[in-house]
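A.B. asks: I have a structure I would like to understand better, so I am pasting it below and will then ask my questions one at a time.
Here, each number is a calculation from the coordinates, and none is a lab measurement. Everything numeric here is computed off the predicted structure, so don't read it as measured data. Cβ coordinates were reconstructed from backbone atoms using ideal geometry, including for glycine residues, and neighbour counts include every protein chain displayed.
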Ligand code: AHR
């Protein structure tokens, strides 16, 4: 770990340390509210990687694991609860080696391939276009297709769009019909390549900008389906990529993507998901909050070229990236998920809500069994992670009006110059007038008395839910799946327009006011 923490102690001894009560203040600013939080901020990502698809979402019709047409039933139930607005597929890096025609038609005829990016696993293509788009229909979410630019052709991508969305008497629509699907699916989001600077083709931005223009030209709108075309964007701090793409290809795009992972670095160990100390915890909070600066800088570049904010910024990969769990398959990116990951989710979402005049989508990586997952599976067992619980607690903000707020709280110093705020918050008001406030106290030791000024919002009743645990390293395992779960929260008092909330250390609280 690169950072040095000024106030540090071992994770395992945290509960033995003396705790104190701190205070924070929040003032809601409804008069400044202008933005609706697009539900797509709560997007998911499902890649052919490890057991995300096979074993995670899909077990096949012949499996002993209870399933509906091959999709595992326990997964479907859990995912429906999340109200997923959009799901990105088939990658990631996998997308630029994926040839969609290998994944249609009778399963026994589908060719196999090597998943070169992810452990060299043999991919049998039994989960393809139909399986994915039908899943989206079952979950009532928008599909976000990631097209192959790195190793595919313009013709291949153009035909894929026709296959999925044409309802006419077209060759690809007829092929789809032969494969059992009469009506076209609606497909709105189309990614034209992924990480084209890296696994998606190692391109220079100038070259990719031209390719993007070429590929996107032939991705047509069929029969009322209107594509939202997304150019493959930068990673983290590569502002030049955004600048070149905006300069050369803005006219042809609806969205530009960005990837930001909370990761210690791209070489060497990334640290354990479940054995970490206090210093690593606070460092992680700081690193995840750095996304705000990264967003601001990419947005500033986009503003230069697109003053009217026509083009959306899509953070279509984000989340924590730790070492793979010992004993799991190398290259499958299977990691556990602790209360620390829950904070990365809540803090990141708090930031995203502030930039939705430009940030139109975010897709956490990934939905099951890969990186910062919602859900982990092991054969017939399924576990909801602390991150899942945050997404569920936060889904009240989907399509609600963001309420800006002013927050003051203590900070903790991490490393040489990073100050991490100990409290984070976000608020929104939904169409029925209910106000939702989400609070995080990342302090490992101290409680927080949070005084919230509700300004002119008229509310009479407050109810709450809390996600907390006595040890930040705690997680939900297959043996103990309910170690970190939300419970009812009552420790708050509403007095006219002031709400006082007593937050335990290491807690995330969702409050509903009506
Ligand atoms: O999410 C895992 C991988 O991270 C994706 O395949 C790739 O786009 C990124 O580098």
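A.B. asks: Take the Cβ-Cβ distance between residue 357 and residue 188 as r, set R0 to 25 Å, and report the resulting FRET efficiency rounded to the nearest 0.05.
C.D. replies: 0.80
A.B. asks: Oh, and also: So what is the relative contact order of region 322-402, in percent, for Cα pairs below 8 Å that sit 6 or more residues apart?
C.D. replies: Normalised by residue count, the contact order of region 322-402 is 28 percent.
A.B. asks: At a Förster radius of 35 Å, what calculated FRET efficiency corresponds to the Cβ-Cβ distance of residue 19 and residue 457, to the nearest 0.05?
C.D. replies: 0.65
A.B. asks: Something else now. Do the sum for the chain: with -39,500 (n - 2.57) for every DSSP H run of n ≥ 4, divided by all residues, what is the mean residue ellipticity at 222 nm, to the nearest 500 deg cm²/dmol?
C.D. replies: So the helix-based figure for the chain works out to -7000 deg cm²/dmol.
A.B. asks: Based on other C-beta atoms within 10 Å, arrange 84, 508, 466 from fewest to most.
C.D. replies: 466, 84, 508
A.B. asks: Based on the Kirkwood radius over alpha-carbon pairs, what value in µm²/s does the Stokes-Einstein equation return for the translational diffusion coefficient of region 104-219 at 4 °C and 1.567 mPa s?
C.D. replies: The diffusion coefficient I find is 83 µm²/s.
A.B. asks: Describe numerically, in nm with one decimal, the distance between label points set 7 Å from Cα along Cα→Cβ at residue 153 and at residue 63.
C.D. replies: 3.5
A.B. asks: How far is it, in nm, from the label point at residue 236 to the one at residue 512 when both lie 7 Å from their Cα along the line to the Cβ?
C.D. replies: 4.0
A.B. asks: Please give the length that would be gained between residue 76 and residue 34 if that part of the chain were fully extended, namely 0.36 nm times their separation in residues minus their C-alpha to C-alpha distance (nm, one decimal).
C.D. replies: That pair, residue 76 and residue 34, stretches by 11.6 nm at full extension.
A.B. asks: Using only the C-alpha atoms of the chain, find the volume of their convex hull and express it per residue in Å³.
C.D. replies: Here the figure is 144 Å³ per residue.
A.B. asks: Remind me, relative contact order of region 73-133 in percent, using alpha carbon pairs under 8 angstrom and six or more residues apart?
C.D. replies: Value for region 73-133: 26 percent.
A.B. asks: Once you put a point 7 Å from the Cα of residue 178 and another 7 Å from the Cα of residue 109, both along the Cβ direction, what distance in nm separates them?
C.D. replies: Taking the two extended label points, one gets 0.7 nm.
A.B. asks: When the Cα centres of region 224-303 and region 440-514 are compared, how far apart do they sit, in Å?
C.D. replies: One Cα centre to the other: 29 Å.
A.B. asks: For region 39-400, calculate the relative contact order in percent as a whole number, restricting contacts to Cα pairs under 8 Å that are 6 or more residues apart.
C.D. replies: 20
A.B. asks: So how do 99, 397, 130 line up by other beta-carbon neighbours within 10 Å, fewest first?
C.D. replies: 99, 130, 397
A.B. asks: Say R0 is 30 Å: what FRET efficiency, to the nearest 0.05, do residue 304 and residue 223 get from their beta-carbon distance?
C.D. replies: After rounding to 0.05, the efficiency reads 0.25.
A.B. asks: Where does helix 239-249 land angle-wise versus the long Cα axis of the chain, in degrees 0 to 90, nearest 10?
C.D. replies: For helix 239-249, the angle is close to 40 degrees.
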